[in-house]
Amino acid sequence: MKEFFWAVVAAYVFLYFYAAWLYDGFSVYLAVSLFIALVANIYWLKRRKDKHTKQVSETAESAPPIKVDTQPISLWRSPLPYMGILIIAVVLIVINL
């Protein structure tokens, strides 16, 4: 299915540049060189990504699991209760004025 999609895209690009060359005098050599540069760039990016994922998988298999020292979550370590106390204090002060 993926090959069919790219074949349709290639046919569309070819027809587009061919029509632009026929009617507007667009340079086909420029279009072909841009297409080759784009395909080469996509190929280079794919090889680079494959190489990176291979390196990551190799290091993940050889590295020991990382032990994380976690602490239970405390409500008083967050700013929410202190903000609530501040809001209540401000409301009480405003009401008493």
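Figure legend. Inter-residue proximity from the range 79-97: first residues assigned to a helix (DSSP H, G or I), second residues at pLDDT below 90 and not aromatic (F, W, Y), beta-carbon distance below 7 Å, spacing 6+ or different chains. Indicated pairs: P81/L75. Among the candidates V8, V13, V28, the residue that is β-branched (V, I, T) and open to solvent by 70 Å² or more (accessible area, probe 1.4 Å) is uniquely V8. Could you please let me know if P65 is surrounded by fewer than 10 Cβ atoms within 10 Å (Cβ to Cβ) and either within 29 Å of the chain's Cα centre (by Cα) or in contact (Cβ under 8 Å) with a residue 12 or more places away in the chain (or both)? Here the answer is yes, as P65 does meet what is asked. One residue is enough: does the range 44-56 have a residue meeting the conditions at pLDDT below 90, closer than 30 Å to A20 by Cβ, of a type outside the set (S, T, Y) and open to solvent by less than 100 Å² (accessible area, probe 1.4 Å)? The answer is yes; a qualifying residue exists. Within the range 8-53, the residues that satisfy the criterion of being part of a helix (DSSP H, G or I), in contact with a helix residue (DSSP H, G or I) (Cβ under 6 Å, 6 or more places away or on another chain) and free of Cβ contacts under 8 Å to residues at least 12 places away in the same chain are W21, V28.
Would you say A60 is at pLDDT below 85, open to solvent by less than 80 Å² (accessible area, probe 1.4 Å) and in a helix (DSSP H, G or I)? Here the answer is yes, as A60 does meet what is asked.
The values are calculated or read from the model by the stated rules, or taken from the named source; none is laboratory data. This one's a predicted model, so the numbers in the text were calculated from it and none came from an experiment. A quick note on method: Cβ atoms are made from the backbone with ideal geometry, for glycine too, and the neighbour counts reach across all protein chains shown. With ligands, DNA and RNA removed, areas are computed over all heavy atoms of the protein, side chains included. Shrake-Rupley method; radii C 1.70, N 1.55, O 1.52, S 1.80 Å.
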